[in-house]
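K.L.:
What follows is a structure written as structure tokens; I'll ask about it next.
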Amino acid sequence: MRKYQQLALVLLSVTCVVILLVYKSENNRLKYVLEVVNIFGRNDAASLIRIDNSTRLHSSPYDFDSPLPAWQRLGDGFYVYSSFWQKNELAAGGTVISIAVGLEHAAVNFKCQIQHGTGDVATGKLHFVRLDHPTGSIKAPNSEVFVVYKLLCKVARDFGQPTEVIYTDTAQSIKRYVPLRVLESRSVQQKMTMTACVDMTDYLELEEEFRMPSAVLQYFLHHQIVGVEDFIVYNSNALNGATASLLYSHGIKINLLPYNFPFDLADRHQNRLLIEMDCLMRNYNAAKLTYIGTINEYLYPSSRLRVNNQFLKYAWKVSSDVSRFSIASRSVCIDKRKKIFSDNLLYDVDVAMTNPTERPFQVYKPQDYNRTAGTPDFVKTLDVDRSLLFVHRYGGKCSSKTNLHDWTVSLQPDFLQYVTDVGRELNKLIFR
């Protein structure tokens with residue numbers, strides 16, 4: 001009898017061990033499921049964004065960096081940065097649009113041809129548009145003055161897919177081959193909502209706070225959280241390999257473009273004009289909205305930039321002749337004790353009064369803007385109310401300012417709550 005009791009105890013012990021193991025296995029599976037549910041049930045959207053961006057990072061149809069642009073010499077005193085092929089909508093042929101600079105008094109003395117994938121070469125008719133900026137022309141160190149041009153090479157027939165534009169300096173009979181970016185036609189549904197062109201050409205002149213890898217990451221993560229879908233960075237040298245890898249590891253879609261302008265651009269307004277032209281051409285038929293900003297300029301919408309966002313509703317309602325929106329900005333000083341820039345609450349009221357010529361922050365509708373030939377005289381701009389969207393330019397120590405005000409005082413409670421939520425999510429992602 002005792003033997004049977006001992007056997008029963010052994011069997012019972014084995015059964016208990018098996019049940020315990022099964023329980024542990026099921027408990028681990030349940031914990032995994034709950035973690036997944038937790039990710040998809042969180043109020044912040046950044047986790048989902050990073051998952052989505054990581055899976056599409058190397059398969060995105062919006063390859064803004066192909067082909068890579070570069071400043072190259074066309075002729076005596078002329079340089080070109082990038083060229084774009086735009087097919088005519090209702091007729092055969094199309095136009096190559098090249099972004100160039102040239103000596104102020106130099107003649108535009110070129111011929112143009114368009115080379116196609118089949119090897120065929122079509123002779124085009126060259127036109128040009130001279131774009132004078134309100135602040136003047138670009139001055140090189142040797143006191144030579146440069147101006148900005150759009151070179152237009154037009155053909156009236158279809159020869160297949162164009163690959164390069166060939167500019168020939170008629171004075172020297174030297175041919176220069178410039179690769180073409182083809183502006184593909186896309187439906188409204190295929191376009192991204194908003195992209196950002198990040199001007200980092202004067203990156204080294206910024207305060208150290210903005211050049212640290214964590215600050216660079218903060219800039220891109222902030223705009224990713226609020227709904228910016230893709231980034232085009234001008235001056236790829238500003239981001240070293242480690243910083244770029246840090247951005248990629250967070251699922252941020254960045255396109256790094258070189259910007260090797262052959263002269264010292266002392267006038268940042270002129271430099272911005274060139275970047276604006278390239279940015280708006282790259283985003284043509286790719287994004288509904290885009291903007292050009294620096295790494296210390298933070299965009300704050302009242303909610304994430306998706307269907308129900310109030311600024312987007314406003315932007316879609318206005319007529320197509322409005323191609324640019326002017327966004328109100330504040331100059332916010334920095335308290336080094338704050339972990340993230342959005343935690344800084346004080347702005348300098350005197351900046352707008354003492355510097356009325358400060359460059360405005362603008363959001364563009366690329367397709368509508370380029371239809372107006374992209375010249376300031378034909379661009380219609382609307383001002384956007386702060387209750388929909390605003391920009392903070394961070395810089396300067398608060399201890400050196402006197403006329404400071406708290407920017408949160410005038411903000412609607414729901415808008416302030418969204419800004420707080422974005423800051424909270426940013427803290428989680430950077431300091432986890």
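The values are calculated or read from the model by the stated rules, or taken from the named source; none is laboratory data. This structure is a prediction, so every number in the text was calculated from the model and none was measured. Surface areas here come from the heavy atoms of the whole protein model, side chains and all, with no ligands, DNA or RNA. Shrake-Rupley method; radii C 1.70, N 1.55, O 1.52, S 1.80 Å.
K.L.:
Considering only protein heavy atoms, what per residue accessible area in square angstrom results for the range 281-432 with a 1.4 angstrom probe?
P.N.:
Numbers: 7150 Å² over 152 residues.
Per residue, the range 281-432 has an accessible area of 47 Å².
K.L.:
Here's a follow-up. Please work out how much length the chain gains when fully extended from Thr408 to Lys313, using 0.36 nm per residue of separation minus the C-alpha to C-alpha distance, in nm with one decimal. Working shown, then result.
P.N.:
Values: separation 95, 0.36 × 95 = 34.20 nm, distance 2.41 nm.
Using 0.36 nm per residue and subtracting the Cα-Cα distance, I get 31.8 nm.
K.L.:
A further question on this structure: Using a 1.4 Å probe over the heavy atoms of the protein chains, calculate the carbon and sulfur portion of the accessible area of the range 72-182 as a whole percent.
P.N.:
Details: 2610 of 5370 Å².
Carbon with sulfur: 49 percent of the solvent-accessible area.
K.L.:
Using a probe radius of 1.4 Å on heavy atoms only, what accessible surface per residue do you get for the range 104-233? Whole Å² is fine.
P.N.:
Working: 6130 Å² over 130 residues.
Heavy-atom accessible area per residue stands at 47 Å².
K.L.:
Using only the Cα atoms of the range 72-182, what are the Rg and Dmax in Å?
P.N.:
My reading of the Cα-based Rg and Dmax gives 14.5, 47 Å.
K.L.:
Report the Rg/Rh value for the range 192-431, based on alpha-carbon coordinates and the Kirkwood definition of Rh.
P.N.:
Rg/Rh: 0.93.
K.L.:
Could you give the radius of gyration (one decimal) and Dmax (whole number) of the Cα atoms in the range 68-131, in Å?
P.N.:
Gyration radius and largest Cα-Cα distance of the range 68-131: 13.1, 38 Å.
K.L.:
Counting only protein heavy atoms and using a 1.4 Å probe, what share of the accessible area of the range 192-431 belongs to carbon plus sulfur, as a whole percent?
P.N.:
Details: 4970 of 9780 Å².
C and S atoms contribute 51 percent here.
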